[in-house]
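Trainee: Below is the structure I would like to discuss, written out as structure tokens.
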Amino acid sequence: MHFRKSFSLQKSGILFLFLYLIIPISAIEKDSLRHYNLDTLVVSTFKHENNKLMRPMAASVVTSQLMERQQISEMKGFTGIIPNFMIIDRDTRLTSSVFIRGVGALINTPGVAMYVDGIPHFEKSSFDINLLDIDKVEFLRGPQGTLYGRNAMGGTILVHTRSPFRYQGTRLQLRYGSYDETSVTLSHLGKANDKFAHSIAGNYNYYGGHITNVHTGKKANYLGSASVNTRFEWRPLPQMNIRLTNNFENTHQGAFSYGDVNNKTLLVDSVSTDHPSYYKRKLYDGGLQI
């Protein structure tokens, strides 16, 4: 009987000792974990900075005001205005080769990337386009492949059209010049409310040409083009902007207005071809951005 009591007391002592060792450890572990209730923290950044001039890179920005003063209505008009930038006007818009800092390509894949409202133009024949409702055009010189992907070894051209949330109104522009060069542009930008806005612009260009085909008596380098651009923006939330853009252009242009070089006088002979030569292009680009 005495043995059983001793064993029970010994067993109880071991149990109390075990609990004594466990409880402080649990208490220490529990006290070492401090809990704080924090508000939601959102960290955000942009892949492309809005102000390119603040970045350590060579860049030029042409505003709509400068384009109006220089009467620039197509991409070739920036040649001679932007440093180290050139579009070779060889014949038609198909062969509009773009160079930045001497980097480019006469044929095949271009060495300069171009984006219109974030939509890439990978084909060089789509670089020489009519410019409608332009807000600004950015020229980034030097390799830009890290941010803009393929075809950006020489640089990148970023074309930004006007947002109907910032600009509203209707605009009509008429131009007339030598060789019956005519341009008619009509655009409208409207904002229904703080969440929905839209814009539409149309343009027609005509150029009679200054090179005569002596065989047919007709102009060899004429140009006729028409384009329509639409833009719809929806802001369901203050931090969200959904944008749908559609751009269509139809071009009919005379081609191969070349003449032979006279070996004796080193002068270019008149164009004389008996086969009709022309270039037709139907260009469309569009996209949905969120």
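The values are calculated or read from the model by the stated rules, or taken from the named source; none is laboratory data. None of these values were measured; they are calculated from a predicted model. Neighbour counts run over all protein chains shown; Cβ positions are idealised from the backbone, glycine included.
Trainee: Please determine, by comparing only the residues of region 223-235 that are closer than 30 Å to residue 274 by Cα and hydrophobic (A, V, I, L, M, F, W, C), which one is surrounded by the most Cβ atoms within 10 Å (Cβ to Cβ).
Mentor: Per the criteria, the residue is 223.
Trainee: Give the number of residues within region 247-286 that are more than 22 Å from residue 96 (Cβ to Cβ) and either part of a strand (DSSP E or B) or hydrophobic (A, V, I, L, M, F, W, C) (or both).
Mentor: 3
Trainee: Determine whether region 192-211 contains at least one residue that is part of a strand (DSSP E or B), under 18 Å from residue 250 (Cα atoms), in contact with a Gly (Cβ under 6 Å, 6 or more places away or on another chain) and of a type in the set (Phe, Trp, Tyr).
Mentor: yes
Trainee: Here's a follow-up. Among the residues of region 200-218, are any modelled with pLDDT under 95, aliphatic (A, V, I, L, M) and within 30 Å of residue 260 (Cβ to Cβ)?
Mentor: yes
Trainee: Sticking with this one: The conditions are (1) in contact with a strand residue (DSSP E or B) (Cβ under 9 Å, 6 or more places away or on another chain); (2) at negative phi, and residue 80 fails exactly one of them. Which is it?
Mentor: Unmet for residue 80, out of (1) in contact with a strand residue (DSSP E or B) (Cβ under 9 Å, 6 or more places away or on another chain); (2) at negative phi: (2).
Trainee: Name the single residue, out of those in region 236-274 being among the charged types (D, E, K, R) and closer than 30 Å to residue 73 by Cα, that is surrounded by the most Cβ atoms within 10 Å (Cβ to Cβ).
Mentor: Looking at residues that are among the charged types (D, E, K, R) and closer than 30 Å to residue 73 by Cα, I get 249.
Trainee: Looking only at residues that are hydroxyl-bearing (Ser, Thr, Tyr) and farther than 30 Å from residue 182 by Cα in region 38-96, which one is modelled with the highest pLDDT?
Mentor: Of everything passing the filter in region 38-96, 40 is modelled with the highest pLDDT.
Trainee: Another one. Tally time: how many residues in region 96-151 are touching a residue at least 60 places away in the same chain (Cβ under 8 Å), basic (Lys, Arg) and either in contact with a Cys (Cβ under 9 Å, 6 or more places away or on another chain) or more than 28 Å from residue 226 (Cβ to Cβ) (or both)?
Mentor: Total satisfying the criteria: 1.
Trainee: I would also like to ask the following. Does region 158-170 contain at least one residue that is without any contact (Cβ under 8 Å) to a residue 24 or more places away in the chain, surrounded by fewer than 18 Cβ atoms within 10 Å (Cβ to Cβ), of a type in the set (Ser, Thr, Tyr) and more than 30 Å from residue 104 (Cα to Cα)?
Mentor: yes
Trainee: OK, next. Kindly check whether there is at least one residue in region 122-135 that is buried (at least 18 other Cβ atoms within 10 Å of the Cβ), part of a loop (DSSP other than H, G, I, E, B) and among the aromatic types (Phe, Trp, Tyr).
Mentor: yes
Trainee: Something else now. Checking the structure you have, find out if any residue of region 221-228 is of a type in the set (Gly, Ala, Ser), in contact (Cβ under 8 Å) with a residue 60 or more places away in the chain and either over 25 Å from residue 283 (Cβ atoms) or assigned to a strand (DSSP E or B) (or both).
Mentor: yes
Trainee: Does residue 246 satisfy the criteria of being more than 19 Å from residue 89 (Cβ to Cβ) and in contact (Cβ under 8 Å) with a residue 24 or more places away in the chain?
Mentor: Taking the combined requirement at face value, the residue satisfies it.
Trainee: From 282, 195, grab the single residue that is in contact with a Lys or Arg (Cβ under 6 Å, 6 or more places away or on another chain), modelled with pLDDT of 90 or more and surrounded by fewer than 17 Cβ atoms within 10 Å (Cβ to Cβ).
Mentor: 195
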